[in-house]
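Enquirer: Handing you this structure, nothing more for now.
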Amino acid sequence: MGLNQAVFAKKLGLGGSTVISKYEKNQREPEIAILIRISELGNKNLNWLLTGKSSKDQKRGDKKLEKLISQIERLYREGDPKKISAIQVLLDLAAPPKPLKKKN
């Protein structure tokens, strides 16, 4: 998209470029609402954002994943805060555990 972190953060409605930097360094994971907004701004498929695979790369077995992602997008766009919260909880549970910080 050719945007610097500050401009990108502003377009996403985030507080500043620090959040984008943390996403890039895997120090923080974006919420589903932010991922959907990124997919809209960048005209990218949400599946690509989540898996790094384009629809051309997908195999037949990935159809279930594609359907699930479409359902998540639909539920999010309905705007029901309870459903959005539930989606975020499920994504948080499915995320790999973050490494422990080293003590100095």
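Enquirer: Do the alpha carbons of any pairs in LYS10/LYS63; LYS11/LYS44; LYS11/LYS83; LYS11/LYS82; LYS44/LYS64; LYS22/LYS64 sit beyond 27 Å of each other, and which pairs?
Expert: LYS10/LYS63; LYS22/LYS64
Enquirer: Which percent of Cα pairs goes in each bin when the distances of region 31-97 are cut into 5 angstrom slices starting at zero?
Expert: 3, 16, 26, 27, 19, 8, 1
Enquirer: Something else now. Sort GLU24, GLU66 so that the residue with the fewest other Cβ atoms within 10 Å of its own Cβ comes first and the one with the most comes last.
Expert: Fewest-to-most Cβ neighbours within 10 Å comes out as GLU24, GLU66.
None of the figures in this text is laboratory data; all of them are computed from the coordinates on show. Since we're looking at a predicted model, the values are computed, not measured. So basically every Cβ, Gly included, is an ideal-geometry build from the backbone, and we count neighbours across all protein chains shown.
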